[in-house]
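A.B. asks: One structure is given below, represented as structure tokens, and several questions about it will come after.
The values are calculated or read from the model by the stated rules, or taken from the named source; none is laboratory data. What you see is a predicted model, and the numbers here were worked out from it, not measured in a lab. Note: ideal-geometry Cβ built from the backbone for every residue, glycine included; neighbour counts use all protein chains shown.
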Amino acid sequence: MSTVNLTTTIIKNSGKTVDFQPYKVKLVLDMLNIDHETYEAIIATVTSQSEELNLTTADVYETILSQLESLAPEAAQSFKSVHETNKQAWEWAIDPENKLSSLVNQEDKTMHENANKDSQVFNTFRDLTAGMVGKSKGLTMMPEIVAKAHMRGDLHWHDLDYTPLGPMTNCCLVDFDYMFKNGYTMGNAQVETPKSIGTATAQMAQIIANVASSQYGGTSINRADELLAPYAEMNYQKHLKNAEIYVQADRRVAYAEAATKKDIYDAMQALEYEVNTLASAQGQTPFTTLGFGLGTNWIQREIQKSIFKIRIQGIGPDHRTAIFPKLVFSLKRGVNMAATDPNYDIKKLAVECSSKRMYPDVLNYEKIVELTGSFKAPMGCRSFLQGWRNDQGVEVNEGRMNLGVVTLNIPRIALQSHGDKALFWKILNERLDLAKQALQFKLARTKEAIPANAPILYKNGAFGKMMTDNENVDELFKNGRATISLGYIGLYEVGTYFFGPDWEQNQEAHDFTVEIVRRLNDACKQWKSEDGYHYSVYSTPAESLTDRFCELDKARFGAIPDITDKDYYTNSFHYDVRKHPNPFEKLLFEEDYPKYASGGFIHYCEYPNLRQNPAALEAVWDFAYDHVGYLGTNTPIDKCFKCGFEGDFKPTARGFCCPECGNHDPKTCDVVKRTCGYLGNPQARPMIHGRHVEITSRVKNMSQSEVNNTNGKKASQWHHSTRE
């Protein structure tokens, strides 16, 4: 291809002047069936034309079309057809009537876009209806270059049904401590400081519902055991006082402790039921995460134990697995890691709970601090705040939030580079500029909110401050207090494209994919230096996105072995789900990526049924402690109430069914799979195309014999033997 002076420019349809990039002409011609001679002739003509002043994209289009009509008439028709199809697709997308029709006609992709939304329910259907309008209008509000890139699949604007139509925020760590201590207004009530743990958890449930209705992301409770302990202490003091009247002196403390333990259990059980029976304005159960595990006094310990006992017990008469809240248990040396630690017994309970109910996921204290700068629970599924101090130098985590995500289609960049790594980096830099425009528009739109738009967030303390109507919400976003995130998908496919399908042990391939994430991180740092907002790299959670990107690329580039022919891309930095590494190999493969993606990450290991050998899970947790910050357990926990089978249900065209008796009735079976960080019930809400990205039925990365053979031995020994 001929070279062009870097100062050569072109005027885009938006009026913006940018550098002319010859490779973009090549990408257009690659989609046409033309011979090499015609191809080179058109490239030469356009390259020569690019030296003209005031060249526009329309000029380039007309030049290509004219050349094709002269040299390859059939290709010219295809070229015009593609252009017209894209134009019609844009017009269709921005017409809300078309979107609403897909909902009224109950088209599968529309009805099942979210695995935790039951689209048959009236309030959910109403939310979906509003979302269809939001998507159409939102495309016209954002910069057209961003909107069309979203439609093409160069990038993905997350949560288009809610933003930019509304200036809403994404996920957050609610400042429950601030709200409890200062009181707040909700609806028609002025709420006072709770005087018992039961009142505290009741208030917590109401706050969760209200917050979930005022944003579009997950709601997290940070360090819940430490947060709630002072209110359980109030119960204890009340019981001690009553004991002075009704209980003999030598039994008063024991009585007060026993009564308080029951209060704690009842309060935490009520919270679990309340969260699972709530419905937000989005027509779904609030996506709630409960972080805990570092408290060591007897009340904090009792809160932790109650959480696990309640989850193990299950909810309802059939003792089903609770979907929410997501449990995130903190591991820390000196607290609960070793048998000599004060909370080791709770760690054992956590292992039992995870083997039976899949949660908790675990946070490894030192690693989280190393990666993110402070210790805190994730916001929602996997979004992490960075360490931040206020003007007084005090570390602040609660009351902070994320302002949204835009994700890049990394495999597409590889495919467009035709194996030229220099061109790959060039295209990546351009896509980063595009993502920057998208994120800055998200940010600007969010800053247009006023406190009255979301009183629970801005005026009543969920965001850590009680603002007045005339205050600027940007005070809670700027100077790195909030995050806004750049996501990515498909590193594994990029490695496959450049280095082949078995690149796991190829150091050059590993370094190349790590470098991709590092460059994303460098871009985020640069953007922050320019405007002071914290842009973070986010290892993207996505239900339909890993499918959507791949479907678009398959239509454009064809079925490419081990890349598009799978019909899905691998989420973020994860190991190819079709392979069978043991947990230690998987964690070692993935551990370098979050160093540059500290704005959001999680690792998963897949296991067969662990009920009979929880020591194997503990061995993986112990090994993971020094390698990764955030680890989830995927293990089969499905149950058939007809025949009693416990294990992994089989995916079929009729939904998941019991492998023993064929039962697939949601009323008589409990099928729970992990869907992008959260658990979901695919029997009640069918999955997109019958499958989701992070689901235990796809692959088991460790055989039953490998699990059984551990017998609780140290992770390092197990890892060494499997590596050999």
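A.B. asks: Note down all Cβ pairs under 6 Å where the first residue falls in the stretch 634-645 and is within 24 Å of Lys326 (Cα to Cα), the second is not hydroxyl-bearing (Ser, Thr, Tyr) and not in a loop (DSSP other than H, G, I, E, B), and they're at least six residues apart or on different chains.
C.D. replies: Going by the 6 Å Cβ cut-off, the qualifying pairs are Asn634/Glu606; Asn634/Arg674; Pro636/Gly647; Lys639/Glu646; Lys639/Asp670; Cys640/Cys669.
A.B. asks: State whether the residues of the stretch 167-183 include one that is surrounded by fewer than 22 Cβ atoms within 10 Å (Cβ to Cβ), under 30 Å from Ile410 (Cβ atoms) and touching a residue at least 12 places away in the same chain (Cβ under 8 Å).
C.D. replies: Scanning the stretch 167-183, I find at least one residue that is surrounded by fewer than 22 Cβ atoms within 10 Å (Cβ to Cβ), under 30 Å from Ile410 (Cβ atoms) and touching a residue at least 12 places away in the same chain (Cβ under 8 Å), so the answer is yes.
A.B. asks: Could you give me the residue pairs with C-beta distances under 7 Å whose first residue belongs to the stretch 219-234 and is farther than 19 Å from Ile368 by Cα, whose second residue is among the acidic types (Asp, Glu) wherever it lies, and which are 6+ apart or on separate chains?
C.D. replies: Cβ pairs passing all conditions: Leu227/Asp177; Ala232/Asp263.
A.B. asks: Pairs needed: first member in the stretch 127-142, β-branched (Val, Ile, Thr); second member anywhere, assigned to a helix (DSSP H, G or I) and modelled with pLDDT of 90 or more; C-beta distance under 8 Å; at least 6 residues apart or different chains.
C.D. replies: Thr140/Ala147
A.B. asks: State which residue is surrounded by the most Cβ atoms within 10 Å (Cβ to Cβ) when the search covers only the stretch 558-582 and only residues that are touching an Asp or Glu at 6+ places or on another chain (Cβ under 6 Å) and of a type in the set (Phe, Trp, Tyr).
C.D. replies: Tyr569
A.B. asks: Another question about this same structure. What number of residues within the stretch 438-466 are within 12 Å of Tyr184 (Cβ to Cβ) and of a type in the set (Ser, Thr, Tyr)?
C.D. replies: Going through the stretch 438-466 one residue at a time, the tally reaches 1.
A.B. asks: Answer yes or no as to whether Tyr596 is closer than 26 Å to Ser536 by Cα, touching a Ser or Thr at 6+ places or on another chain (Cβ under 6 Å) and among the hydroxyl-bearing types (Ser, Thr, Tyr).
C.D. replies: Answer is no for this residue.
A.B. asks: Mind checking which pairs have a first residue in the stretch 66-82 that is in contact (Cβ under 8 Å) with a residue 12 or more places away in the chain and a second that is of a type in the set (Phe, Trp, Tyr) and buried (at least 19 other Cβ atoms within 10 Å of the Cβ), Cβ under 6 Å, 6 or more apart or different chains?
C.D. replies: Pairs that qualify, where the first residue is in contact (Cβ under 8 Å) with a residue 12 or more places away in the chain and the partner is of a type in the set (Phe, Trp, Tyr) and buried (at least 19 other Cβ atoms within 10 Å of the Cβ), are Leu68/Phe79.
A.B. asks: Report yes if Lys426 is touching a helix residue (DSSP H, G or I) at 6+ places or on another chain (Cβ under 8 Å) and under 30 Å from Asp622 (Cα atoms), otherwise no.
C.D. replies: no
A.B. asks: Quick one: is Leu32 touching a Leu at 6+ places or on another chain (Cβ under 9 Å) and part of a loop (DSSP other than H, G, I, E, B)?
C.D. replies: yes
A.B. asks: Take Leu29 and decide whether it is free of Cβ contacts under 8 Å to residues at least 40 places away in the same chain and over 22 Å from Leu415 (Cα atoms).
C.D. replies: The answer is no for Leu29.
A.B. asks: Based on this model, can you work out whether Ala281 counts as surrounded by fewer than 18 Cβ atoms within 10 Å (Cβ to Cβ), in contact with a Ser or Thr (Cβ under 6 Å, 6 or more places away or on another chain) and either part of a helix (DSSP H, G or I) or at pLDDT below 95 (or both)?
C.D. replies: Yes, satisfied.
A.B. asks: Hey, another quick one. How many residues does the stretch 531-562 contain that are within 22 Å of the chain's Cα centre (by Cα), aliphatic (A, V, I, L, M) and modelled with pLDDT of 95 or more?
C.D. replies: Matching residues across the stretch 531-562 total 2.
A.B. asks: crowded, with 17+ Cβ neighbours inside 10 Å and within 28 Å of Asp433 (Cα to Cα): is that true of Leu545 in this structure?
C.D. replies: Against the criterion (crowded, with 17+ Cβ neighbours inside 10 Å and within 28 Å of Asp433 (Cα to Cα)), Leu545 qualifies.
A.B. asks: While we're here: Where in the stretch 289-403 are the helices (runs of 4 or more DSSP H), entirely inside, with at least 3 residues that are crowded, with 20+ Cβ neighbours inside 10 Å and polar (S, T, N, Q)?
C.D. replies: The qualifying helices (runs of 4 or more DSSP H) are 298-313.
A.B. asks: Select from the stretch 65-82 the residues that are closer than 22 Å to Lys12 by Cβ and loosely packed, with under 14 Cβ neighbours inside 10 Å and write down the one among them that is modelled with the highest pLDDT.
C.D. replies: Step by step, filter the stretch 65-82, then rank; the result is Ser66.
A.B. asks: Collect the residues in the stretch 425-455 that are more than 22 Å from Val405 (Cβ to Cβ), surrounded by 19 or more Cβ atoms within 10 Å (Cβ to Cβ) and in contact (Cβ under 8 Å) with a residue 40 or more places away in the chain, keeping them in residue-number order.
C.D. replies: Matches in the stretch 425-455: Pro455 only.
A.B. asks: If we keep just the residues of the stretch 143-202 that are over 30 Å from the mean Cα position of the chain (by Cα) and of a type in the set (S, T, N, Q), which is farthest from Gly15 (Cα to Cα)?
C.D. replies: Filtering first and then ranking leaves Ser196.
A.B. asks: Just to verify a result, which residue in the stretch 404-431, among those that are part of a helix (DSSP H, G or I) and among the aliphatic types (A, V, I, L, M), is nearest to Asn571 (Cα to Cα)?
C.D. replies: Only one residue tops the list, namely Ile410.
A.B. asks: Could you tell me how many of the residues in the stretch 622-639 are assigned to a strand (DSSP E or B) and over 12 Å from Ile368 (Cβ atoms)?
C.D. replies: 5
A.B. asks: Taking into account only those residues within the stretch 204-228 that are of a type in the set (Gly, Ala, Ser), assigned to a helix (DSSP H, G or I) and over 26 Å from Val335 (Cβ atoms), which is nearest to the chain's Cα centre (by Cα)?
C.D. replies: Among those that are of a type in the set (Gly, Ala, Ser), assigned to a helix (DSSP H, G or I) and over 26 Å from Val335 (Cβ atoms), it is Ala212.
A.B. asks: Tell me, yes or no, whether the stretch 608-628 has at least one residue that is on the phi < 0 side of the Ramachandran plot, without any contact (Cβ under 8 Å) to a residue 60 or more places away in the chain and in contact with a strand residue (DSSP E or B) (Cβ under 6 Å, 6 or more places away or on another chain).
C.D. replies: There is no residue in the stretch 608-628 that is on the phi < 0 side of the Ramachandran plot, without any contact (Cβ under 8 Å) to a residue 60 or more places away in the chain and in contact with a strand residue (DSSP E or B) (Cβ under 6 Å, 6 or more places away or on another chain).
A.B. asks: Among the residues of the stretch 45-64, how many are surrounded by fewer than 17 Cβ atoms within 10 Å (Cβ to Cβ), in a helix (DSSP H, G or I) and aliphatic (A, V, I, L, M)?
C.D. replies: Selection size over the stretch 45-64: 1.
A.B. asks: Now for a different question. Taking the conditions exactly as written (modelled with pLDDT under 90, outside any helix (DSSP H, G or I), among the basic types (Lys, Arg) and under 20 Å from the mean Cα position of the chain (by Cα)), does Arg685 satisfy them or not?
C.D. replies: yes
A.B. asks: Might you let me know whether the stretch 157-175 holds any residue that is in a helix (DSSP H, G or I), touching a helix residue (DSSP H, G or I) at 6+ places or on another chain (Cβ under 9 Å) and not basic (Lys, Arg)?
C.D. replies: no
A.B. asks: Is it true that Ile484 is touching a residue at least 12 places away in the same chain (Cβ under 8 Å), on the phi < 0 side of the Ramachandran plot, β-branched (Val, Ile, Thr) and surrounded by fewer than 20 Cβ atoms within 10 Å (Cβ to Cβ)?
C.D. replies: no
A.B. asks: Tally time: how many residues in the stretch 176-187 are in a strand (DSSP E or B) and of a type in the set (A, V, I, L, M, F, W, C)?
C.D. replies: Residues that pass the stated criteria total 1.
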